[in-house]
Amino acid sequence: MLRTKGYATQGPTQPLQPFTFDRRDVGPNDVLIEIAYCGICHSDIHQARDEWGGSIFPMVPGHEIAGHVMQVGRKVKRFKKGDAAGVGCFVDSCRKCSNCKDGEEQFCEKGMVGTYNSLEKDRKSPTQGGYSSHIVVDEKYVLKISKKLPLEKVAPLLCAGITTYSPLRHFAVKKGQKVGVVGLGGLGHMAVKLAASMGARVTVLSTSASKEKDAKRLGAHEFVLTTNPENFKKHSGKFDFILDAVSAPHDLNQYLGLLKKDGTLVIVGVPVKPAEIEAFSLIFGRKRLAGSLIGGIRETQEMLDYCAKKKITSDVEVIPVSKINEAYERTIKGDVKYRFVIDMKTL
Ligand SMILES: [Zn+2]
Ligand SMILES: [Zn+2]
């Protein structure tokens, strides 16, 4: 076993603290990665605090992992020592069901093996995430990262990047379409950059007027303040596609009203309370309300390659590991532009 240093929480009301644990030895198909950076995703906080239920403690969170390959198993073909490599939200899946065979392992019928707060396929060994010095992952679930981009800015692409890229591609957003992004946070800022890079006309829909300048800097063409109900009338029926990245409660009917005929509203944020949808919001204009969850390995690699080609990265604030608990509080307040990334050298 490989002794590994990390930061873990022992329970839902406990802070993250230094923690030592074992990783499995490098098997024939495994890659050992020395973690350079790990992003802080809002879902790390939800799980560390057991806000979704069923959390496994002690927990080392982190699923936006970027680093370098230190060692590979004897059967590994795609990686060699020194390569830049990444790990996202899952580290294994059944590999046999139709969703796995389609390359959409995030929807594995047996349940994907999450990078942390999950059990390995033996259904008894807990997985531990990226707030740690090293990770051992089967090469099939490891992503290649271009050395052209700074690793700390690439790390958030492994969750925030793919979460927004996948629905833009699945619903075939294209040049000239009018795309709305609801909420300008970790997910929203990636959605703006990606949609703009695909040639869409991007509008940020936000409750805070102070975000207008940043929205434009990130590539948005227009900004709409959603605290003013008049704006929903003014922009009614104008959008081809809206990506909703907000986790706070909000009225989806208002946003459905902004769609054109056959327009699609995709939810990637996770509010705690169920939404109330009026049937008329969908019937008039044959509108679609859909959801999306990260992306499969193939599409995540496609996204990383696309971002390397287009030079798209996340806007990050790099912190030492000792600032994790503070960063959690600031993430909850939305006080970050736009992703905290932990420098693992400080572990
Ligand atoms: Zn995440
Ligand atoms: Zn499967």
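Considering each residue of segment 271-284, count those that are among the β-branched types (Val, Ile, Thr) and open to solvent by less than 30 Å² (accessible area, probe 1.4 Å), and give that number.
0
Here's a check for you: in segment 147-175, which residue that is assigned to a loop (DSSP other than H, G, I, E, B) and at pLDDT 95 or above is farthest from the chain's Cα centre (by Cα)?
So, considering only residues that are assigned to a loop (DSSP other than H, G, I, E, B) and at pLDDT 95 or above, the one farthest from the chain's Cα centre (by Cα) is Lys175.
Tell me which residues, restricted to segment 155-209, are at positive phi and either within 16 Å of ligand 1 (Cβ to nearest atom) or crowded, with 24+ Cβ neighbours inside 10 Å (or both).
Result: Gly183, single match.
What number of residues within segment 223-260 satisfy the criterion of being open to solvent by 60 Å² or more (accessible area, probe 1.4 Å) and under 24 Å from the mean Cα position of the chain (by Cα)?
Qualifying residue count for the region: 2.
Hydrophobic (A, V, I, L, M, F, W, C) and open to solvent by 40 Å² or more (accessible area, probe 1.4 Å) - does that describe any residue in segment 31-46?
Within segment 31-46, none of the residues are hydrophobic (A, V, I, L, M, F, W, C) and open to solvent by 40 Å² or more (accessible area, probe 1.4 Å).
Here is a check on your reading of the model: is Lys75 out of contact with any Pro (no Cβ under 8 Å at 6 or more places or on another chain) and either under 26 Å from Glu34 (Cα atoms) or modelled with pLDDT of 95 or more (or both)?
no
Please pick out the residue among Ile65, Ile33, Ile45 that is in contact with a Cys (Cβ under 8 Å, 6 or more places away or on another chain), modelled with pLDDT of 95 or more and not hydroxyl-bearing (Ser, Thr, Tyr).
Ile65 is the lone residue from the list that is in contact with a Cys (Cβ under 8 Å, 6 or more places away or on another chain), modelled with pLDDT of 95 or more and not hydroxyl-bearing (Ser, Thr, Tyr).
Which of (1) over 22 Å from the mean Cα position of the chain (by Cα); (2) under 16 Å from Gly130 (Cα atoms); (3) not hydroxyl-bearing (Ser, Thr, Tyr) does Lys101 not meet, given it meets every other one?
(2)
Checking Asn99 against (1) in contact with a helix residue (DSSP H, G or I) (Cβ under 7 Å, 6 or more places away or on another chain); (2) touching a residue at least 40 places away in the same chain (Cβ under 8 Å); (3) not aromatic (Phe, Trp, Tyr), which test does it fail?
Here Asn99 clears every test but (2).
Filter segment 209-220 down to residues that are without any contact (Cβ under 8 Å) to a residue 24 or more places away in the chain and of a type outside the set (Asp, Glu), then give me how many there are.
Of the residues in that region, 5 qualify.
Across segment 116-142, what is the total count of residues that are assigned to a strand (DSSP E or B) and among the β-branched types (Val, Ile, Thr)?
Summing the residues that are assigned to a strand (DSSP E or B) and among the β-branched types (Val, Ile, Thr) in segment 116-142 gives 3.
Identify the single condition in (1) buried (at least 21 other Cβ atoms within 10 Å of the Cβ); (2) modelled with pLDDT under 95 that Gly130 does not satisfy, given that it satisfies every other one.
Exception for Gly130: condition (2).
Does at least one position in segment 8-20 carry a residue that is part of a strand (DSSP E or B), in contact (Cβ under 8 Å) with a residue 40 or more places away in the chain, touching a helix residue (DSSP H, G or I) at 6+ places or on another chain (Cβ under 6 Å) and closer than 23 Å to Arg330 by Cα?
Yes - at least one qualifying residue is present in segment 8-20.
When the residues of segment 306-347 are filtered to those that are among the basic types (Lys, Arg), within 19 Å of the chain's Cα centre (by Cα) and over 20 Å from Leu157 (Cβ atoms), which remaining residue is modelled with the lowest pLDDT?
Lys333
In segment 132-140, is there at least one residue being of a type in the set (S, T, N, Q) and touching a residue at least 40 places away in the same chain (Cβ under 8 Å)?
Yes, the conditions are met somewhere in segment 132-140.
Please work out if Phe280 is modelled with pLDDT of 95 or more, in a helix (DSSP H, G or I) and out of contact with any Leu (no Cβ under 6 Å at 6 or more places or on another chain).
When the stated conditions are applied, Phe280 passes them.
The values are calculated or read from the model by the stated rules, or taken from the named source; none is laboratory data. Given the structure is predicted, the values throughout are model-derived calculations rather than measurements. Cβ sites come from the backbone with ideal geometry, for glycine too, and all protein chains shown count toward neighbours. Heavy atoms of the whole protein, side chains included, go into the accessibility calculation; ligands, DNA and RNA do not. Shrake-Rupley method; radii C 1.70, N 1.55, O 1.52, S 1.80 Å.
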